[in-house]
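The values are calculated or read from the model by the stated rules, or taken from the named source; none is laboratory data. Because the structure is predicted, anything quoted here is derived from the model rather than measured. FYI the Cβ positions are ideal-geometry reconstructions off the backbone, even for glycines, and counts take in every protein chain you see. Note: accessible area is taken over every heavy atom of the protein model, side chains too, but ligands, DNA and RNA are not part of it. Shrake-Rupley method; radii C 1.70, N 1.55, O 1.52, S 1.80 Å.
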Amino acid sequence: MRMYIRFIYLIFFITASSCSSTRVAKKDDSKIEVVFVQVNDVYEIAPIAGGKEGGMARVATIKKEYLRKNPNTFLIMAGDFVSPSVYNSLQYMGQRIRGKQMIEVMTVAGTNLVVFGNHEFDITENELQDRINESQFDWVSSNTFHNKNGKIIPFEKRQGTNVLPFPDRYIMRLRDADGTTVNIGVIGLTLPFNKAEYVSYTDPLQTAKTIYTQLKDSCDAVIAITHQQMEEDIKLAQEIPGLAAILGGHEHDMRYQKVGNVFITKADANARSAYIVKLNINKKRKETKVITSLKYINETIALDSTTNEYVGKWTKIADDNYASLGFDARKVVQSSGETLDGREKEVRSKFTNLSKLIVEAIADACPQADVVLINAGSIRVDDFLPTPITQYDIIRALPFGGGIFEADMKGRLLIKTLEAGKKNLGIGGFLIYHPAQYNANKNEWTLNGKPIDSAKTYRVALTDFLFSGKEANLDFLNKNNPDIVKAYEAETSPKSPKSDVRLAIIRYMEKKK
Ligand SMILES: [Zn+2]
């Protein structure tokens, strides 16, 4: 068992100066307050919604404000930050950025402690190792380990000759101005969802129970920082009713629940809000009072200037990348109207307003097409897109981009494709189609009210990735399929909306404005 202890010593000028005067130093009152500023699921370093919401520079300001009042203030990230991000596909100094922008900005913003989210394992083993090494904050990982060529070991941070294995429990030894000391135990859990080969998990609930039992007598309070489904957090609270709080992530819209005496908090994704979780510990009475409040992060909160400088540096790198692709990233394409839903779980299981908008935009760019098809996996934003929506929002919603192809295909291939797409429920190969429809009663695919005819030829517009045969269970969908009657020439000029699916969406939204 690995025990990682962080000593946080405060300098008390008051105590020091009182020695030289007649004043008496404050006596230990056996009470101490600890403040956690919690964010989770942050993929954007800069404010979103036209600058109105979120932004890591505002998170930094909040942390600094609490820290000024109480030195025992800690900024916590409850998973999902290095990916998915549009930055991942961009280059900087000859290398893919892959979360580097987020690690740097989180460090400057004063992040103290993080857990892995499932998206941390979207990037390669080497890339993640580089990001970990770059981080100047601590990690705790109770159930998630490094599978290094078959050997299961803790992940570790390597800086110079220092090798710091991630602890499976984290102890904060804190002290306040009047000398009250306290030990806070932290358990860090990640849902075993991303099956990257280099990651190995133990059962989150069982692991937490074991560690809690070992910690509870030596700690004044134990919290869990988790990145898992709300149902799992509720189970955790039920099974370990002695936990003070569960600071969670993964859902993207704020969650709050009290299960027994355990508080579960999750902030909105992309730092649209932060949870402030205060532990008021009375050591004498062996009591912990938890006070939570959700803080919306909007224009009323100033941007921390140092953090903002780093955000600006990365924003410029990104904008220059987009400009070379024909985009004007800061331009607003939709100023008001409904929030678009790009959450991964939603777009991979049903048609959201965002998925519908994309296929309608492609249909608009390809007026001769009978049917439009896209794979849900091309939508990677895993979040809501509130208005005002900029070109950048569309770029980050579909970070891979890619051209639109058109092909004439036999109805039987179209039906086979639609069937496979329907079976891909829950994964990236789930197909979004327009204006074809599925009639479940008759188990029949229709187009404009008529059944799709196996022998007839249809003109289909689809993304280049989908037409490459690389999508799950759709390998037959490629130019060499004998049921492809004709594949049309691709349009590559940035003047044509068919050159990039994102341009097609932007043009369509601008037309509707
Ligand atoms: Zn997640």
* Residue within segment 201-211 that is under 23 Å from E44 (Cα atoms), within 16 Å of the ligand (Cβ to nearest atom) and open to solvent by 20 Å² or more (accessible area, probe 1.4 Å) present -> no
* Asked: In this structure, is K195 within 16 Å of the ligand (Cβ to nearest atom), surrounded by fewer than 16 Cβ atoms within 10 Å (Cβ to Cβ) and not aromatic (F, W, Y)?
  -> yes
* Give me a count of the residues in segment 251-261 that are open to solvent by 10 Å² or more (accessible area, probe 1.4 Å) and either within 15 Å of the ligand (Cβ to nearest atom) or under 20 Å from V42 (Cβ atoms) (or both). => 5
* Asked: Of the residues that make up segment 93-114, is at least one open to solvent by less than 10 Å² (accessible area, probe 1.4 Å), over 17 Å from the mean Cα position of the chain (by Cα) and of a type outside the set (G, A, S)?
  -> no
* To do: Output the residues belonging to segment 232-250 that are within 16 Å of the ligand (Cβ to nearest atom), without any contact (Cβ under 8 Å) to a residue 40 or more places away in the chain and acidic (D, E).
  => D233
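Each row is one residue, and each column tells you yes or no for (1) closer than 21 Å to G421 by Cα; (2) open to solvent by less than 40 Å² (accessible area, probe 1.4 Å); (3) out of contact with any strand residue (DSSP E or B) (no Cβ under 9 Å at 6 or more places or on another chain); (4) part of a loop (DSSP other than H, G, I, E, B).
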site	(1), (2), (3), (4)
Y438	yes, no, no, no
L474	yes, yes, no, yes
P482	yes, no, no, yes
K486	no, no, no, no
A504	no, yes, no, no
E510	no, no, no, no
* Structure fact -> Apart from one, (1) away from the ligand (no atom under 16 Å from the Cβ); (2) within 17 Å of the chain's Cα centre (by Cα) all hold for G342; the odd one out is (1)
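Is it the case, given these coordinates, that I415 is closer than 27 Å to A49 by Cβ, away from the ligand (no atom under 16 Å from the Cβ), outside any loop (DSSP other than H, G, I, E, B) and over 17 Å from the mean Cα position of the chain (by Cα)?
Criteria not met by I415.
Listed here are the residues, each with its yes/no results for (1) within 16 Å of the ligand (Cβ to nearest atom); (2) β-branched (V, I, T); (3) at pLDDT 95 or above.
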| residue | (1), (2), (3) |
| --- | --- |
| G94 | no, no, no |
| R98 | no, no, no |
| T111 | no, yes, yes |
| N118 | yes, no, no |
| I132 | no, yes, yes |
* Structure fact -> Of the listed residues (I264, I246, I234, I225), the one being in contact with a strand residue (DSSP E or B) (Cβ under 6 Å, 6 or more places away or on another chain), open to solvent by 10 Å² or more (accessible area, probe 1.4 Å) and of a type outside the set (K, R) is I234
* Does segment 344-364 include one or more residues that are open to solvent by 10 Å² or more (accessible area, probe 1.4 Å) and modelled with pLDDT under 95? -> yes
* Structure fact -> Only unsatisfied item for Y458, checking (1) farther than 27 Å from P399 by Cα; (2) in a loop (DSSP other than H, G, I, E, B), is (2)
* **Residues being within 16 Å of the ligand (Cβ to nearest atom) and not in a loop (DSSP other than H, G, I, E, B) - total across segment 120-130** => 4
* Which one is nearest to N308 (Cα to Cα) among residues in segment 44-61 that are open to solvent by 20 Å² or more (accessible area, probe 1.4 Å) and assigned to a loop (DSSP other than H, G, I, E, B)? -> A46
* Filter segment 62-92 down to residues that are assigned to a helix (DSSP H, G or I), closer than 24 Å to D319 by Cβ and more than 16 Å from the ligand (Cβ to nearest atom) and give me whichever is most open to solvent (accessible area, probe 1.4 Å). => S89
